[in-house]
Every structure is written in structure tokens, then in C-alpha cells.
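First up is the structure itself, then whatever we jot down about it.
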Amino acid sequence: TRTPVNVTITGAAGQIGYALLFRIASGHLLGADVPVNLRLLEIPQGLKAAEGTAMELVDCAFPLLRDITITDNPNEAFDGANVALLVGARPRTAGMERGDLLQANGGIFGPQGKAINDHAADDIKVLVVGNPANTNALIAQRNAPDVPAERFTAMTRLDHNRAVGQLSAKTGALVSDIKRVTIWGNHSATQYPDIFQAEVAGKPAFEAVGNDQAWLENDFIPTVAKRGAAIIEARGASSAASAANAAIDHVYTWVNGTAEGDWTSMGVVSDGSYGVPAGLISSFPVTTKDGKFEIVQGLEISDFSRARIDASVKELTEERDAVQELGLI
Ligand code: NAX
């Protein structure tokens, strides 16, 4: 039998945590034959709720779930971690300036990065979900100098899946027949969901949507980019199940690989590809194999796409400069 994989989840008592833990414990994160230990990190106020969730996990009698640890100590939570899902973050509250938001999150992701650096397993893979996800991932990564930078990623898979869902709704194609969609840039309203490389049921995606530039600009792009706000408006709460699903997809794909002829979107440390300044954590099209990813090279970028990628990367650069000025990286 295989050695259990240690999976650390921060913000485990939150609403994404609640949607995430049961799917991890039932084998959806790593595979149906991989036993897991869960390490739940919460702040002191969240510990009791995390314990309640742990009781429910026990009550599911999942065959793959071995051990559950609940703690408010990052050093303990990341001890021996093979996979870390950083979900807990400081949300923006009314009247909060961007600097305050970045400062508060620096106080979370800096120490967590250091704890990962000092205590995680050598093969640690980190996914940052908590917003601002790309810049929180950058803060964690820069506080973990001994961990290879490519082990820190930020989640844009929800945006990717949203784009696939919208393309399927528009064309009537099965989601399984939609390939090579890309999210570029920041997980924010400036993100660029790109269909110009994509294929729908064997046809170029732009052709499949009737070469409809107005739909692309006025409907598709804003619908994907502002979907989070639309969910809050409709549901009275932010997206949780779809976010948890995307986190599962992100890690599963990273570990188990992308299909031949397809790719996915991940926020990863830029190597300078496509003019994105090296070191920024920006979303790219990536293929994965044997637990490693590669940024897809050689794509032709139109002027239309270039302007949108540049706008989102500019925002990432500003966030990086702000956290640098605050001394967080
Ligand atoms: P909740 O507020 O329901 O849960 C957050 C949990 O994190 C709380 O239980 C809180 O006690 C805990 N927490 C706070 N600081 C912590 C710390 N220092 N260590 C450990 N735990 C800590 O939020 P939820 O709806 O679960 O969302 C979590 C994060 O995901 C938010 O930052 C949200 O903005 C972000 N999202 C990111 C998405 C993405 O695509 N990248 C999409 C979904 C989501 O909006």
C-alpha cells in the first residue's frame, strides 16, 4: 500500500474548505488509490468549526483518509506537507485600501511561506487560492527561498473552467470537446480569457462562436472576468463549491498531467515568456507531465490579445511593487 500524502489546507473552516475537504478525503485531489493525511490550519477563532468538520470527515468513513490534524500553528500544519492549499486569506472589507489589504495578507502569506520553507516535504507543491491569489503566492514564494520557485502556483483554474462553461453554453458543444482555452494574467477583473488558441469540437473556437467579436468583447470576456461578483449577487455568498472544484482540478492536473493536445491555465512564476516580467506569478497556458508543468511556447499573440495581457500584467507589476515597498518580499 502507498504511503499517505500529507495535504495541508489553510482556512479549512471556511466555505471553500467545507466544499474541499470531503473531495480530497474521497480521493479526487490525487487519485482514487492515494491515501491522504489532512492537516488543517485555522486561526484560533476557526479551530472549533474545523473540529466540527473533522467530525463529519470521520463520519464519512472514507477508506483513503488516514489522519486529521487541526492546528493554529503553521509550523505544525506544514510539517512534512506534500501538497498545500492556501485558502485562508484576509478579505477586503469596506473602506480598506489596497495597501492595507496587501499588508494584512503579507502577515499571513509571509509566515506561511517561511513555515513551508522550513518544514514542508522536499516535493511540496503549493496552490494559493486566497485572494489576491497571484500576489499572495508571490509573497509566500519569496519567503521560501529554499523551495524551487515553480512549486508555488496561484489558482486561475476557476476562471479557466468558467471560460470553458461559457463556450459550451454558447456553442452547444460538450465541455470535453473544448480544448486549449487560456487565462492570462491576474486572477482579477483584468484577467484575459483567450479563445484564439482554443478549439471547439475540432474547429477554431472563434469560428465556432460565429467570428463574433462583439460577443467576445462585450459578453464572453466580461462574463468570465466578473463571474465571481455575479455569483455573490445571485447566491448571497461567494463561489465556494466551484472554487473548491477548481482547486481539486488544478492539483489533480499538476500531479497527473494534461491530455495530449490540450493544456490548462495556472498562475506560475514567469520565466519571461510572452513578455511577462520574470518572477511575477501570472497565469499562462501550461502543460503538465510527471508532476511538472511547462509554459506553452510559441503561440501567436494578436494585437487584441497583447493589449489585454499587458493590462493584466501591469496590474500584477503594480501589486508586486506595492508589496515590495511594504517590505513583504
Ligand atoms: P471564508 O471566509 O469562508 O473562509 C476563510 C477561512 O480562512 C476562515 O475560516 C478563516 O478563519 C480562515 N483564515 C483566515 N486567516 C487565516 C490564517 N492566517 N490561517 C489559517 N486560516 C485562516 O472564505 P472562502 O469563501 O472559503 O474563501 C477563501 C479565499 O478564497 C478568499 O480569499 C477568496 O477571495 C478566495 N477565492 C479565490 C478564488 C480563486 O479563483 N483564486 C475563487 C474563490 C474565492 O473567492
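Is the stretch 59-66 home to any residue that is aromatic (Phe, Trp, Tyr), in contact with a His (Cβ under 7 Å, 6 or more places away or on another chain) and in a loop (DSSP other than H, G, I, E, B)?
no
Please go through the stretch 15-32 and give me each residue that is on the phi < 0 side of the Ramachandran plot and surrounded by fewer than 21 Cβ atoms within 10 Å (Cβ to Cβ), ordered by number. Even if it seems obvious, please write down each step before you answer.
Here is the first cut: in the stretch 15-32, the residues on the phi < 0 side of the Ramachandran plot are 15-26, 28-30, 32.
Within the stretch 15-32, Gln15, Tyr18, Ala19, Phe22, Arg23, Ser26, His28, Ala32 qualify.
Is there a residue in the stretch 34-50 that is away from the ligand (no atom under 16 Å from the Cβ), in contact (Cβ under 8 Å) with a residue 40 or more places away in the chain, under 21 Å from Ala121 (Cβ atoms) and not basic (Lys, Arg)?
If we filter the stretch 34-50 for residues that are away from the ligand (no atom under 16 Å from the Cβ), which is where we start, we get 34-37.
From the residues that got through so far, the ones that are in contact (Cβ under 8 Å) with a residue 40 or more places away in the chain too are none.
No: zero hits.
Name the residues in the stretch 164-202 that are outside any strand (DSSP E or B), aliphatic (A, V, I, L, M) and either in contact with a His (Cβ under 8 Å, 6 or more places away or on another chain) or touching a residue at least 12 places away in the same chain (Cβ under 8 Å) (or both), would you? Walk me through how you get there before you give the answer.
Residues of the stretch 164-202 outside any strand (DSSP E or B): 164-177, 180-181, 186-191, 195-198, 201-202.
Those left that are additionally aliphatic (A, V, I, L, M): 164, 167, 169, 173-175, 181, 189, 195, 198, 201.
Those that are outside any strand (DSSP E or B), aliphatic (A, V, I, L, M) and either in contact with a His (Cβ under 8 Å, 6 or more places away or on another chain) or touching a residue at least 12 places away in the same chain (Cβ under 8 Å) (or both): Val164, Leu167, Ala173, Leu174, Val181, Ala189, Ile195, Ala198, Ala201.
Thr253 versus (1) hydroxyl-bearing (Ser, Thr, Tyr); (2) in contact with a helix residue (DSSP H, G or I) (Cβ under 7 Å, 6 or more places away or on another chain); (3) at negative phi: which is the lone unmet condition?
Single failed check for Thr253: (2).
When the stretch 129-155 is examined, which residues are found to be assigned to a loop (DSSP other than H, G, I, E, B) and within 7 Å of the ligand (Cβ to nearest atom)? So that I can check it myself, show each step before the final result.
Going through the stretch 129-155, the residues assigned to a loop (DSSP other than H, G, I, E, B) turn out to be 129-132, 143-148, 155.
Hits for the stretch 129-155 are Val129, Gly130, Asn131, Met155.
Report every pair of residues separated by at least 6 positions or lying on different chains whose Cβ atoms are under 8 Å apart, first residue within the stretch 277-298 and under 16 Å from Val251 (Cα atoms) and touching a residue at least 12 places away in the same chain (Cβ under 8 Å), second assigned to a loop (DSSP other than H, G, I, E, B) and of a type in the set (Lys, Arg).
What qualifies is Pro285/Arg180.
Quickly run through the stretch 252-266 and pick out the residues that are under 20 Å from Phe196 (Cβ atoms) and not in a loop (DSSP other than H, G, I, E, B).
Thr264, Ser265, Met266
Keeping to the stretch 203-251, report how many residues are outside any helix (DSSP H, G or I), under 23 Å from the mean Cα position of the chain (by Cα) and either crowded, with 18+ Cβ neighbours inside 10 Å or not polar (S, T, N, Q) (or both).
First, pick out the residues of the stretch 203-251 that are outside any helix (DSSP H, G or I): 203-204, 209-212, 226, 236-240.
If we keep only those that are under 23 Å from the mean Cα position of the chain (by Cα) as well, we get 226, 236-240.
From the residues that got through so far, the ones that are either crowded, with 18+ Cβ neighbours inside 10 Å or not polar (S, T, N, Q) (or both) too are 226, 236-237, 239-240.
Counting residues in the stretch 203-251 that are outside any helix (DSSP H, G or I), under 23 Å from the mean Cα position of the chain (by Cα) and either crowded, with 18+ Cβ neighbours inside 10 Å or not polar (S, T, N, Q) (or both) gives 5.
Can you name the residue in the stretch 6-22 that is in contact with a helix residue (DSSP H, G or I) (Cβ under 7 Å, 6 or more places away or on another chain) and part of a loop (DSSP other than H, G, I, E, B) and is also farthest from the ligand (Cβ to nearest atom) among such residues?
The qualifying residue farthest from the ligand (Cβ to nearest atom) is Ala12.
Go through the stretch 233-255 and count every residue that is more than 9 Å from the ligand (Cβ to nearest atom) and over 20 Å from Val128 (Cβ atoms).
At the first step, the residues of the stretch 233-255 found to be more than 9 Å from the ligand (Cβ to nearest atom) are 233-236, 241, 245, 248-255.
Those still in the list that are over 20 Å from Val128 (Cβ atoms) too: 233-236.
Matching residues across the stretch 233-255 total 4.
For the stretch 103-123, state whether one or more residues are in contact (Cβ under 8 Å) with a residue 40 or more places away in the chain, closer than 17 Å to Trp254 by Cα and surrounded by 20 or more Cβ atoms within 10 Å (Cβ to Cβ).
No, the stretch 103-123 contains no residue that is in contact (Cβ under 8 Å) with a residue 40 or more places away in the chain, closer than 17 Å to Trp254 by Cα and surrounded by 20 or more Cβ atoms within 10 Å (Cβ to Cβ).
So, in the stretch 128-166, how many residues would count as being under 21 Å from Gly14 (Cβ atoms), of a type in the set (A, V, I, L, M) and surrounded by fewer than 24 Cβ atoms within 10 Å (Cβ to Cβ)?
0
Within the stretch 106-154, track down each residue that is in contact with a Ser or Thr (Cβ under 8 Å, 6 or more places away or on another chain) and basic (Lys, Arg).
Lys125
Somewhere in the stretch 80-102, is a residue part of a helix (DSSP H, G or I) and within 9 Å of the ligand (Cβ to nearest atom)? Full working, then the answer.
Of the stretch 80-102, the ones part of a helix (DSSP H, G or I) are 98-102.
If we keep only those that are within 9 Å of the ligand (Cβ to nearest atom) as well, we get none.
The answer is no, given that none of the residues of the stretch 80-102 is part of a helix (DSSP H, G or I) and within 9 Å of the ligand (Cβ to nearest atom).
No lab work stands behind these numbers, since they all come straight from the coordinates. None of these values were measured; they are calculated from a predicted model. Because the Cβ atoms are built from the backbone with ideal geometry, glycine has one as well, and the counts that use them run over all protein chains shown.
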